[in-house]
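Visitor: My structure is below; once you've seen it, I'll send some questions.
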Amino acid sequence: MLRYWTAGESHGKCLLALIDGFPAGLEIDTDKIDRLLVLRQGGYGRGQRQRLEQDRVDVLTGVWKNVTLGSPITLQVPNNDFKLERLKELPRPRPGHGDLSGSIKYLSSMRGILERASARETCVRVAAGALCQQLLETFGIRTLGYVVQLGSQKIPPIDGTFEQRLGWRNESIIYSLDPSQDQVAKQLIDETQKAGDTLGGIIEVVVEGLPFGLGTHAQWDRKLDGKLAQAVMAVQAIKGVEIGMGFEAATLPGSRVHDAIRFESQQRNSTSLGYARPTNNAGGLEAGMTNGQPLVIRAAKKPISTLQKPLESIDIDTKQPSTASYERSDVCALSAASIIIECVVAFEIAAALIDKFSGDSMQEMHARWDLFQKMASEK
Ligand SMILES: Cc1cc2nc3c(=O)[nH]c(=O)nc-3n(C[C@H](O)[C@H](O)[C@H](O)COP(=O)(O)O)c2cc1C
């Protein structure tokens, strides 16, 4: 069973991820992890903090001579802006943040809550997911996250090969698949910033090369759609998740929703096994299992809650009306969120792959993958 936890505060010494259940025998490339960390820090609309940090991963445990050992892996991202001891209490809770509820729940300072609730923590979720991407790539499974809507402005993804789409995403200043929309997006973010406001939007992640049968119909807490929804929903500021056609499916008759099944033996490959679906409204998942089609998952991100023009709040000591505290903040962190969601999805897919094909070593996983492909294609 692959699982992980994170630790660390936004302005503490470092962020940590402890990954348990990662197979032995994967040669890892930390530069690839660092490239995603750099992308997580980027995207148009981010605040000052990103200029202070140069996120790089240190692998502290679980790897010997660049190869995973099968023992727990600890990843560390140090904070340049380490100043937790010097930070003062936040006096006025910000609507949309955990400041008020957390300080009541833990009978503690609001500073202590915001330091851990902060999305700075996601740098190690990205590191853990980026490591999983390297495992997935050995099976030909690839994940890509990108922005499809900024505020109410739709930026439809353009079709292309995986490499083309990765190139467009990395070229776009807001990580959409259509860099020709960058100027419109930039203007929208600039206007929002001038108004002292913030902006959210929608992210899509696709996973290609998935075999049949990751996840299961057999028990609710092992359904892959449920696991993905939790992982994506647990990213800061994500308020909605949909798979495939998602909410639109509720508005249409079944004949326009469900994907017909065909068999085209000449199209047989290790993922589809020759079963062709003319549409993919199910987004690659039926009954909690992958169905040989690409996985498509979308997430709605709310606008950042720390506003330069602060919202109505109170002074936590006097309870008198006031406006919310302002902390250095992003105007739009949607691009960063697309990288984070790509990575948390990669983690869940790797966990499901390990469940299906045994996760002690990469060699055993590959042998079982080959055996399953053979058995499934003879069925
Ligand atoms: C990449 C990323 C960056 C974020 N940056 C900020 C920020 O600079 N300021 C802020 O107030 N919230 C920011 N957030 C959102 C808060 O972390 C989040 O809204 C808060 O922890 C409350 O949690 P919830 O929105 O999930 O309920 C960011 C979220 C993400 C995903």
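The values are calculated or read from the model by the stated rules, or taken from the named source; none is laboratory data. From a predicted model like this one, the values you see are computed outputs, not experimental measurements. Using ideal geometry, Cβ is built from the backbone for each residue, glycine included, and neighbour counts are taken over all protein chains shown. Remember, those area values only see protein heavy atoms, side chains included, never the ligands or the DNA or RNA. Shrake-Rupley method; radii C 1.70, N 1.55, O 1.52, S 1.80 Å.
Visitor: Quick one: count up the residues across the stretch 161-192 that are over 20 Å from Ile339 (Cβ atoms) and either open to solvent by less than 30 Å² (accessible area, probe 1.4 Å) or modelled with pLDDT under 95 (or both).
Guide: 1
Visitor: Determine if the stretch 275-297 includes at least one residue that is within 16 Å of the ligand (Cβ to nearest atom), touching a residue at least 24 places away in the same chain (Cβ under 8 Å) and on the phi > 0 side of the Ramachandran plot.
Guide: No, the stretch 275-297 has no match at all.
Visitor: Provide a single number: the residues in the stretch 231-253 that are among the charged types (D, E, K, R) and away from the ligand (no atom under 16 Å from the Cβ).
Guide: Going through the stretch 231-253 one residue at a time, the tally reaches 2.
Visitor: Considering only residues that are outside any strand (DSSP E or B) and free of Cβ contacts under 8 Å to residues at least 24 places away in the same chain, look in the stretch 1-34 and name the one that is nearest to Asn79 (Cα to Cα).
Guide: Asp34
Visitor: Tell me yes or no: at least one residue of the stretch 314-334 is surrounded by 16 or more Cβ atoms within 10 Å (Cβ to Cβ), within 16 Å of the ligand (Cβ to nearest atom) and part of a helix (DSSP H, G or I).
Guide: yes
Visitor: On to the next question. What do you reckon, is Gly140 at pLDDT 95 or above, touching a Gly at 6+ places or on another chain (Cβ under 6 Å) and farther than 22 Å from Ile340 by Cβ?
Guide: Considered against the rule, which asks whether it is at pLDDT 95 or above, touching a Gly at 6+ places or on another chain (Cβ under 6 Å) and farther than 22 Å from Ile340 by Cβ, Gly140 comes out as yes.
Visitor: Can I ask one more? Can Asp197 be described as at pLDDT 95 or above and away from the ligand (no atom under 16 Å from the Cβ)?
Guide: No, not satisfied.
Visitor: Is it the case that the stretch 350-359 has a residue that's more than 23 Å from the chain's Cα centre (by Cα) and of a type outside the set (Lys, Arg)?
Guide: yes
Visitor: Report whether or not Glu121 is open to solvent by 50 Å² or more (accessible area, probe 1.4 Å), under 23 Å from Gln308 (Cα atoms) and charged (D, E, K, R).
Guide: The answer is no for Glu121.
Visitor: Quick one: count up the residues across the stretch 45-78 that are open to solvent by 30 Å² or more (accessible area, probe 1.4 Å), away from the ligand (no atom under 13 Å from the Cβ), part of a loop (DSSP other than H, G, I, E, B) and not small (Gly, Ala, Ser).
Guide: Residues flagged as open to solvent by 30 Å² or more (accessible area, probe 1.4 Å), away from the ligand (no atom under 13 Å from the Cβ), part of a loop (DSSP other than H, G, I, E, B) and not small (Gly, Ala, Ser) within the stretch 45-78 amount to 6.
Visitor: Could you figure out which of (1) closer than 30 Å to Pro321 by Cβ; (2) modelled with pLDDT of 95 or more; (3) open to solvent by 10 Å² or more (accessible area, probe 1.4 Å); (4) not hydroxyl-bearing (Ser, Thr, Tyr) isn't true of Pro156?
Guide: It is condition (1) that Pro156 fails.
Visitor: Kindly establish whether Gly21 is buried (at least 16 other Cβ atoms within 10 Å of the Cβ), within 23 Å of Gly129 (Cβ to Cβ) and more than 16 Å from the ligand (Cβ to nearest atom).
Guide: For Gly21, the condition - buried (at least 16 other Cβ atoms within 10 Å of the Cβ), within 23 Å of Gly129 (Cβ to Cβ) and more than 16 Å from the ligand (Cβ to nearest atom) - is met.
Visitor: Tell me which of these Asp81 doesn't satisfy, since it passes every other one: (1) modelled with pLDDT of 95 or more; (2) of a type outside the set (A, V, I, L, M); (3) within 14 Å of the ligand (Cβ to nearest atom).
Guide: (1)
Visitor: Still on this structure: Of the residues that sit in the stretch 335-359 and are charged (D, E, K, R) and under 16 Å from Leu224 (Cβ atoms), which one is most open to solvent (accessible area, probe 1.4 Å)?
Guide: Asp355
Visitor: Taking the stretch 290-310, which residues are under 13 Å from the mean Cα position of the chain (by Cα) and either at pLDDT below 95 or open to solvent by 40 Å² or more (accessible area, probe 1.4 Å) (or both)?
Guide: Arg298 - this is the single residue of the stretch 290-310 that is under 13 Å from the mean Cα position of the chain (by Cα) and either at pLDDT below 95 or open to solvent by 40 Å² or more (accessible area, probe 1.4 Å) (or both).
Visitor: What number goes with the only condition from (1) within 14 Å of the ligand (Cβ to nearest atom); (2) assigned to a helix (DSSP H, G or I) that Ile349 does not pass?
Guide: (1)
Visitor: Do you know which of the residues in the stretch 250-289 that are over 24 Å from Glu137 (Cα atoms) and in contact with a helix residue (DSSP H, G or I) (Cβ under 8 Å, 6 or more places away or on another chain) is least open to solvent (accessible area, probe 1.4 Å)?
Guide: It comes out as Val257.
Visitor: Continuing with this model, one more query. Output the number of the condition that Gln308 fails; it satisfies all remaining conditions of (1) within 16 Å of the ligand (Cβ to nearest atom); (2) part of a helix (DSSP H, G or I).
Guide: Result: Gln308 passes all but (2).
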